[in-house]
Structure formats: C-alpha cells, structure tokens
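The values are calculated or read from the model by the stated rules, or taken from the named source; none is laboratory data. In this text, all values refer to a predicted model and were calculated from it rather than measured experimentally. Cβ placement follows ideal geometry from the backbone for every residue including glycine, while neighbour counts extend to all protein chains displayed. Just so you know, the surface numbers come from the protein's heavy atoms only, side chains and all, with ligands and any DNA or RNA stripped out. Shrake-Rupley method; radii C 1.70, N 1.55, O 1.52, S 1.80 Å.
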Amino acid sequence: MRKRELVFSCLAILGSFIGGLGLILLSIFDTERYTSAHRSFLLVFMVGVALSAIFTVVEYRWISHDFYEARKLKIAYIMKAIITGVLVILAIAFAVTLFRNTDVGAVLEWTIAFGFTFYILTFFYDLRQAKGVHKGQYKRSRIRAGFDGDTQAMGERRITSIS
C-alpha cells in the first residue's frame with residue numbers, strides 16, 4: 001500500500017470514529033431534554049461520516065487510477081461519490097431548514113439516514129468483489145502479466161461461449 005493510500009485510509013477511519021462517537025452521544029442526548037446537545041452531536045456525526053466518505057472516495061480514486069485494469073473498482077468509487085455528494089447536499093439543506101422549519105428538517109434528517117443505508121450497501125459490493133481473492137492476487141505485475149487465474153478462466157469462458 002502506498003503512503004497516500006495509507007494516509008487516506010487512516011483519515012477515513014478517523015472520520016468514521018468521529019462519526020461513531022457523534023452517533024453514540026446523539027443517542028444519549030435526546031431532542032426533548034437536550035435540544036442543543038442533540039443538534040451538536042448530530043453535526044459531529046454528519047461531519048464525521050462525510051469526512052470518512054470523502055476520504056474513502058479519494059482513496060478509491062487513487063487506487064483505481066493506479067489499477068486502471070480494475071473496472072469494478074471505478075464503478076464502486078463512482079457509486080460512493082454520487083451517494084456521498086447527494087448526502088452532503090441534503091445535509092446542507094438540513095442544516096438550513098432545521099432552524100427555519102423543524103418539520104422539513106426532520107424529514108431531511110430521516111432521508112439522510114435512509115440514504116446512508118445505500119452508502120453502507122456500497123461496501124457490500126466491495127466485499128463481494130473480494131470474495132475468493134488470495135493475498136497478492138491483484139498485484140499490478142500479476143494483472144499485467146496475465147497470471148490471474150480468475151481472469152484467465154473468465155477469458156476462456158468468453159472464448160468458448162463465442163465459438
């Protein structure tokens with residue numbers, strides 16, 4: 001792993017810890033008794049998750065840039081980027097409407113929570129790609145040399161199905 005990928009990975013993990021801490025504190029301080037604390041920890045949660053998502057997308061971008069052969073990786077980071085962009089825009093709209101119209105703010109809050117589910121599901125897509133992959137199987141030198149057994153098997157299937 002290159003240094004920049006390690007840095008982005010660590011920043012994404014730090015953002016997720018910030019988001020997790022915000023979520024724990026958000027669940028402790030309810031809206032009815034601790035309105036300002038609840039809103040503050042909601043902000044901490046959203047910022048932490050947004051930072052984690054942004055750094056994850058940037059990390060995927062760098063990895064897919066280095067391994068342009070991995071088309072599925074590009075699809076994964078584009079999906080993450082689209083969902084993250086939409087959720088960040090909704091979070092900004094939520095911040096604006098929260099103080100003007102709390103009902104609209106509440107609807108946006110739950111829409112963001114539902115949208116976050118789709119962001120988490122993109123990791124399912126990533127993990128499905130990694131199923132059955134052995135350590136070192138996707139080294140750049142092996143991919144270019146064509147020693148990847150799965151790629152060869154898929155190529156043979158395509159050739160036999162065309163014949």
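Quick check: anything in segment 61-70 modelled with pLDDT of 85 or more and out of contact with any strand residue (DSSP E or B) (no Cβ under 6 Å at 6 or more places or on another chain)? First the steps, then the outcome.
Initial filter on segment 61-70 (modelled with pLDDT of 85 or more): none.
Within segment 61-70 (the criterion being modelled with pLDDT of 85 or more and out of contact with any strand residue (DSSP E or B) (no Cβ under 6 Å at 6 or more places or on another chain)), the answer is no, since none of the residues qualifies.
For every residue, the table says whether it meets (1) of a type in the set (A, V, I, L, M); (2) assigned to a helix (DSSP H, G or I); (3) under 26 Å from residue 131 (Cα atoms).
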site	(1), (2), (3)
11	yes, yes, yes
36	no, yes, no
73	yes, yes, yes
91	yes, yes, no
115	no, yes, yes
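Considering only residues that are among the polar types (S, T, N, Q) and at pLDDT 85 or above, look in segment 103-134 and name the one that is least open to solvent (accessible area, probe 1.4 Å). Let's see the steps before the verdict.
So the first thing to find is which residues in segment 103-134 are among the polar types (S, T, N, Q), and the list is 111, 117, 122, 129.
Narrowing further to those that are at pLDDT 85 or above: 111, 117, 122.
Numbers: 111: 62, 117: 68, 122: 7 Å².
Residue satisfying both the conditions and the ranking: 122.
Of 18, 83, 24, which residue is open to solvent by 30 Å² or more (accessible area, probe 1.4 Å), at pLDDT 80 or above and either out of contact with any helix residue (DSSP H, G or I) (no Cβ under 7 Å at 6 or more places or on another chain) or more than 22 Å from residue 117 (Cα to Cα) (or both)? If you could, list the steps in order and put the result at the bottom.
Values: 18 fails: either out of contact with any helix residue (DSSP H, G or I) (no Cβ under 7 Å at 6 or more places or on another chain) or more than 22 Å from residue 117 (Cα to Cα) (or both); 83 fails: either out of contact with any helix residue (DSSP H, G or I) (no Cβ under 7 Å at 6 or more places or on another chain) or more than 22 Å from residue 117 (Cα to Cα) (or both).
The conditions single out 24.
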Expected single match for of a type outside the set (A, V, I, L, M, F, W, C), under 17 Å from residue 126 (Cβ atoms) and either more than 19 Å from the chain's Cα centre (by Cα) or open to solvent by 40 Å² or more (accessible area, probe 1.4 Å) (or both) among 33, 100, 61, 4 is 61
